[in-house]
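Novice: Got a structure here, written out as structure tokens. Questions coming.
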Amino acid sequence: MTRSQRLLELLQILHKYRHPVAGKVLASQLSISLRTLYRDIATLQQQGAIITSEVGKGYQLQQGFTLPPLMFTQEEVEALLIGSRWVVSQTDSQLANAAQQAITKICTILPKPLQETLNTSLLIGYPKLTEPYDEQLIALRKAINQNLKVTIEYTNVNQENSQRTIWPFAIGFFHHTLVICGWCELREEFRHFRIDRIFSLILLDEQFPRKREDLLTAWHYFQQIPKPLF
């Protein structure tokens, strides 16, 4: 591994962690000495990477730092393009526009022959499912990002109507529908709501009392679903 490759690998490792990582851990993963790691960290900092250090805790890459495009192999680029094109066809207009911009940025750094190959060989065949729910999805994503409560008018599988105030913390995108994961104040437990059964949604100017990350952790525990690393 050349030094340039090692520096990129170090950036990728730091990018994976959302908390400080001990120098010994980083050095071990790269199979280098601590002295070499210190030099590599200093080099990355000189090149603009904002890497902070805390005594006794380790190093952390500031969130938002953009990794160089050289990090991506062709297969990784293909995976990003397929995922982005799925987002264009399956989510609300704001996310779709963001995904399209991401596709444009990815393609502009690729060689012309590879651009043409990827543009004609990677196709998404799903029909767009979310057009009637565009405003609801935008409101729900805002609620999730800002920890805001929402009030919904909901029809369950037995065609029974009810009004619920929920704390939404995740959206599940499935082939046949979208599902909102949230804490229901009426039932005082985690519940899942299909978006096609929500016929009214009001975003409240009131934050729910628990952090979204805490709700997600508890939901994963009660559902016995392994929590993803990222």
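The values are calculated or read from the model by the stated rules, or taken from the named source; none is laboratory data. Treat the numbers as computed from the prediction; the structure is a model and nothing was measured. Reconstructed Cβ throughout: ideal geometry from the backbone, glycine too, with neighbour counts over all protein chains shown. These accessible areas exclude ligands, DNA and RNA; they are computed on the full protein's heavy atoms, side chains included. Shrake-Rupley method; radii C 1.70, N 1.55, O 1.52, S 1.80 Å.
Novice: Does the range 1-55 classify as rounded, prolate or oblate by the C-alpha gyration tensor (a ≥ b ≥ c root eigenvalues; a/c under 1.5 gives rounded; else a/b over b/c gives prolate, otherwise oblate)?
Specialist: rounded
Novice: Could you identify which residue out of Lys105, Lys149, Lys57 has the top mean-square fluctuation in a GNM of the chain using Cα springs shorter than 10 Å?
Specialist: Lys57
Novice: Expressed as a rounded percentage, what relative contact order does the chain have, with Cα pairs under 8 Å and six or more residues apart? Don't skip to the answer; put the middle values down first.
Specialist: On the way: 278 pairs, mean separation 28.5, N = 230.
Dividing the mean separation by the residue count of the chain yields 12 percent.
Novice: Still on this structure, I have one more. Charges only on Cβ, +1 for Lys and Arg, -1 for Asp and Glu: so what's the dipole of the range 112-211 about the Cα centre, in debye to the nearest 20?
Specialist: Its charge dipole is roughly 300 debye.
Novice: Could you tell me the accessible area of His192 in Å² (1.4 Å probe, neighbours in place), rounded to the nearest ten?
Specialist: Surface accessible to solvent at His192 totals approximately 80 Å².
Novice: Under a crude label model (7 Å from the Cα following the beta-carbon direction), how far is Phe173 from Gln47 in nanometres?
Specialist: Calculated label separation equals 3.2 nm.
Novice: Turning to a different aspect of this structure: Round to the nearest 10 and give me the degree value, 0 to 90, for the angle of helix 93-108's Cα axis relative to the longest principal axis of the chain.
Specialist: Taking Cα atoms only, the helix is inclined about 20 degrees.
Novice: Top to bottom by accessible area (1.4 Å), largest first, where do Phe174, Phe222, Phe169 land?
Specialist: Accessible-area ranking of Phe174, Phe222, Phe169, largest first: Phe222, Phe174, Phe169.
Novice: Further, regarding this structure: Taking only DSSP H segments of four or more residues, each worth -39500 (n - 2.57), what value at 222 nm results for the chain once the sum is divided by all its residues, to the nearest 500 deg cm²/dmol?
Specialist: That comes out to -14000 deg cm²/dmol.
Novice: Let me ask something else about it. Report the gain in length on full extension from Gln115 to Glu135: 0.36 nm times residue separation, minus Cα-Cα distance, nm rounded to one decimal.
Specialist: Stretched fully, the Gln115-Glu135 segment lengthens by 3.9 nm.
Novice: Can I ask one more? What accessible surface, in Å², does a 1.4 Å probe find on Glu160, ignoring ligands, DNA and RNA and rounding to the nearest 10?
Specialist: Glu160 has an accessible surface of roughly 100 Å² with all protein chains in place.
Novice: Something else now. Compare the Cα positions of Ile103, Ser4, Ile152 along the charge dipole of the chain (+1 at Cβ of Lys, Arg; -1 at Cβ of Asp, Glu; about the Cα centre) and return the one farthest towards the positive end.
Specialist: Going by the charge dipole, the pick is Ser4.
Novice: I'd like the accessible area for Arg212: 1.4 Å probe, protein heavy atoms, all chains in place, Å² to the nearest 10.
Specialist: 60 Å²
Novice: How would you classify the range 71-170 from its alpha-carbon gyration tensor, with a ≥ b ≥ c the square roots of the eigenvalues: rounded for a/c under 1.5, else prolate if a/b is greater than b/c, otherwise oblate?
Specialist: prolate
Novice: Quick one: angle between helix 134-146 and the longest Cα principal axis of the chain, in degrees between 0 and 90, rounded to 10, please.
Specialist: Helix 134-146 sits at roughly 60 degrees to that axis.
Novice: Further, regarding this structure: Please report the carbon-and-sulfur percent of the accessible area for the range 72-230; probe 1.4 Å, protein heavy atoms only, DNA, RNA and ligands left out.
Specialist: 53 percent
Novice: Over the chain, give the accessible area per residue in Å² for a 1.4 Å probe, as an integer.
Specialist: With all protein chains present, the chain gives 62 Å² per residue.
Novice: What ranking of Arg210, Arg85 comes out by heavy-atom accessible area, probe 1.4 Å, highest first?
Specialist: Arg210, Arg85
Novice: Using +1 at the C-beta of Lys and Arg and -1 at the C-beta of Asp and Glu, which of His19, Ala143, Ser93 has the Cα lying farthest in the positive direction of the dipole of the chain?
Specialist: His19
Novice: Nearest 10 degrees is fine. How inclined is helix 3-16 to the longest principal axis of the chain, computing both from alpha carbons?
Specialist: 30 degrees
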